[in-house]
Amino acid sequence: MANPVLVVLQQREGGLHRMSREAIAAGQSVAETLGGSVEAVLLGEGLDAAVEEVSAFALAKFHVVEHEALASYTPGAYVGALVEVVDAVQPSVVVLPHTYQTVDFLGLLAQRVDAALVPEVTGFESADDGLLWERPVLGGKLTSKVAVRGGASVLVSVQSGSFSADGARSGEAPVERFALSADPEPDRELLGTEEVGGDQVDLSQAGMIVAVGRGIGDGEKMSVAEDLAEALGAELAASRPVIDNGWLPRDRQIGSSGQTVSPKLYVALGISGAIQHLVGMKGSKTVVAINRDPNAPIFSVADYGYVGDLHEFTPAFTTALREAADS
Amino acid sequence: MRIAVCIKQVPDTEARLRLRRDERWIDEEDVPFVINESDEYALEEALQLAEASEGEVVVFTLGPERAKEALRKALAVGADRAVHLRDDALEGGDASTTGAALARAIEREECDLVLTGSQSDDVGFGATGGVIAGHLGWPHAWLVMGVEVEEEGTARVVREMESGVNEIVRLRLPAVLEIQAGLNHPRYASLRGIMQAKKKELSEVGASDLDLAPEATGAAGALTEVVSVGFPESGEGAEILEGDAEVAARQLVERLRREAKVL
């Protein structure tokens, strides 16, 4: 019997982080390939709502670690607790969501449990002696495949949008309260938080997004995109060149240096589809791309495309939507 | 205060990249190498902290002979000394082996604070700082946007979080801080700095100096191995809607309603 796959879930103030569900989907997929069971662990305090939500997924065991020292995240306390859980479960693979919080403690956890480490995984494939993990290198210009040597256990953090949360199988997860043998020791004191640059837009929860790229040509011509966004009830966003030109505020940037989104509809207007942009939106359910260049890489991740001038197509799309809504 | 700064020399990602013949990495011939971006910010932060405390900045790198160029540049902008972890046995590892080797080298120099960039622009694990912290038994923080050393042997640290919020935390020192690009303005080397750098100490250490067995470090000791790299594949491709804009737009709305069911 293969060792289990352990999924480390993330929560904030008792609410499950969106990417926790993607991590469950990834863990289930890995276990299906390797032939082991899937277990999950959640750390924190006051977790009732999150526990109820997670217990409806198909998991062999769901370890819940509640302790006042875990109420807010610190790497020292979290890693201390996770080392105990990893020692007890003996997983072959530990799957974590690739969030800022995970990256903060991942190196430390790998050092403590002496496991191999493969961050920012976007997929995997079977090889003769285990799995090959795919991850971007050199700013996403290349994809690398990484093998783990000698049957070592491995920590992998999965990039947002690489595994669909909808793919997480539901079922029943027996909840096991995990008793720590030592009190977790926070290694930093939380003094507070501060907003960066005023109002911020969280696009990660948006159901529909209209994103504008360099192909818009001019900041003065943004109204075609605004009209479409209004007709759809969508948020307006952009790729980096549009933001750098000051045509939209920086908090609406999608991509590796901006936000990562997974709406049900993503409309890309005049976006060529550099990998730095694609990593931020490829988790979208349905992608529509409008571009003049038939070879633009955006068409390779799109479901529907139109090759032509966005300034002609976008108003026609807006009109067709309004007509359909009236009919 | 003696501040260690760990830097990495990386290929300039703006350069045109070609695959090496074995397709396990890029062909490094003709590719310009630079100091990793966030490491430059870490170095600047260290120089400012040292200036405020009459401290010393010791810069470390692990890499082949060409990495000396990165150390010389760091000395030219103001670092006091440099330590080059230069040994074929140390090469080709991952964040775990590199972090372990750097931690040993830092211990030898008895540093009070370690700064490094948050992520390398080539491999981009973002984990080396955490590994160093684990080996030293010090607290650490990733994605640091501000550092203030306090009198009580602590540091007030601003950390970047997702969706435009910074978190402010207090850590006890010594600590490892992984600096995010953008928190300061890295200075340029002056001509005088470049001349002075030639006289500054640049020492080399190897695996044996760090008590690391050759089979436990570098490529031999790493638990991970890159088996191939390639340019990302393109997907299946979109269904391209034909006709003029009005016809295609009506078709699109129909598809989004009936096929994709997103409207």
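Structural remarks
- Some residue of the stretch B:161-176 being open to solvent by less than 20 Å² (accessible area, probe 1.4 Å), among the small types (Gly, Ala, Ser) and either touching a residue at least 24 places away in the same chain (Cβ under 8 Å) or more than 12 Å from chain A (Cβ to nearest Cβ) (or both): yes
- Residue in the stretch A:73-93 that is within 18 Å of the chain's Cα centre (by Cα) and either of a type in the set (A, V, I, L, M) or farther than 30 Å from B:LEU177 by Cβ (or both) present: no
- Flag: A:GLU134 matches the condition of being among the charged types (D, E, K, R), in a strand (DSSP E or B) and touching a strand residue (DSSP E or B) at 6+ places or on another chain (Cβ under 9 Å).
- Verdict on B:VAL229 being over 24 Å from the mean Cα position of the chain (by Cα) and either open to solvent by 70 Å² or more (accessible area, probe 1.4 Å) or more than 22 Å from B:ALA50 (Cβ to Cβ) (or both): no
- Residue in the stretch B:199-220 that is open to solvent by 20 Å² or more (accessible area, probe 1.4 Å), within 13 Å of chain A (Cβ to nearest Cβ), free of Cβ contacts under 8 Å to residues at least 40 places away in the same chain and in a strand (DSSP E or B) present: no
- Restricting the stretch A:284-302 to residues that are at the interface with chain B (Cβ under 9 Å from one of its Cβ atoms) and surrounded by fewer than 22 Cβ atoms within 10 Å (Cβ to Cβ), the residue that is farthest from A:ALA206 (Cα to Cα): A:PRO294
- Test: residue in the stretch A:313-323 that is more than 9 Å from chain B (Cβ to nearest Cβ), out of contact with any Lys or Arg (no Cβ under 9 Å at 6 or more places or on another chain) and open to solvent by 30 Å² or more (accessible area, probe 1.4 Å): yes
- Yes/no for B:ARG21 being without any contact (Cβ under 8 Å) to a residue 24 or more places away in the chain and either away from every other protein chain (no Cβ under 14 Å) or part of a strand (DSSP E or B) (or both): yes
- Restricting the stretch A:124-154 to residues that are on the phi > 0 side of the Ramachandran plot and more than 8 Å from every other protein chain (Cβ to nearest Cβ) leaves a set whose member that is least open to solvent (accessible area, probe 1.4 Å) is A:GLY130.
- Selection within the stretch A:259-283 - within 11 Å of another protein chain (Cβ to nearest Cβ), closer than 20 Å to A:GLU226 by Cα and of a type outside the set (A, V, I, L, M): A:GLN259, A:PRO263, A:LYS264, A:TYR266
- Being over 27 Å from B:LEU17 (Cβ atoms), among the aliphatic types (A, V, I, L, M), assigned to a loop (DSSP other than H, G, I, E, B) and touching a residue at least 12 places away in the same chain (Cβ under 8 Å) is a description that does not apply to B:LEU263.
- All conditions but one from (1) over 30 Å from A:TYR100 (Cα atoms); (2) not in a loop (DSSP other than H, G, I, E, B) apply to B:ALA155; the one that does not is (1).
- Of all the residues in the stretch A:1-32, those that are part of a loop (DSSP other than H, G, I, E, B) and buried (at least 18 other Cβ atoms within 10 Å of the Cβ) number 4.
- The condition (being closer than 15 Å to B:ALA42 by Cβ, over 14 Å from the mean Cα position of the chain (by Cα) and open to solvent by 50 Å² or more (accessible area, probe 1.4 Å)) is satisfied by just one residue among B:HIS185, B:HIS140, B:HIS135: B:HIS185.
- First in the stretch A:295-310 and under 19 Å from A:SER262 (Cβ atoms) and polar (S, T, N, Q), second anywhere and open to solvent by 40 Å² or more (accessible area, probe 1.4 Å) and not in a helix (DSSP H, G or I), Cβ under 7 Å, 6 or more apart: A:SER300/B:SER234; A:SER300/B:GLY235
- Residues in the stretch A:124-165 that are without any contact (Cβ under 8 Å) to a residue 40 or more places away in the chain and under 30 Å from A:LEU203 (Cα atoms): 8 in all.
- Those strands (runs of 3 or more DSSP E) lying entirely in the stretch B:50-137 with at least 1 residues within 12 Å of chain A (Cβ to nearest Cβ): B:113-117
- When A:ILE271, A:ILE243, A:ILE275 are checked against the criterion of being in contact with a Gly (Cβ under 8 Å, 6 or more places away or on another chain) and crowded, with 22+ Cβ neighbours inside 10 Å, a single residue qualifies: A:ILE271.
Here's the yes/no breakdown for (1) touching a helix residue (DSSP H, G or I) at 6+ places or on another chain (Cβ under 9 Å); (2) within 30 Å of B:GLY134 (Cβ to Cβ); (3) facing chain B (nearest Cβ under 10 Å); (4) surrounded by fewer than 17 Cβ atoms within 10 Å (Cβ to Cβ):
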| residue | (1), (2), (3), (4) |
| --- | --- |
| A:GLN159 | yes, yes, no, no |
| A:SER162 | yes, yes, no, no |
| A:ALA182 | yes, yes, no, yes |
| A:THR193 | no, yes, yes, yes |
| A:GLY207 | no, no, yes, yes |
| A:ASP218 | no, no, no, yes |
| A:SER223 | no, no, no, yes |
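The values are calculated or read from the model by the stated rules, or taken from the named source; none is laboratory data. On a predicted model such as this, the values are computed, not experimentally measured, just so you know. Quick reminder, even Gly has a Cβ in these numbers, built from the backbone with ideal geometry, and neighbours come from all protein chains shown. Surface areas here come from the heavy atoms of the whole protein model, side chains and all, with no ligands, DNA or RNA. Shrake-Rupley method; radii C 1.70, N 1.55, O 1.52, S 1.80 Å.
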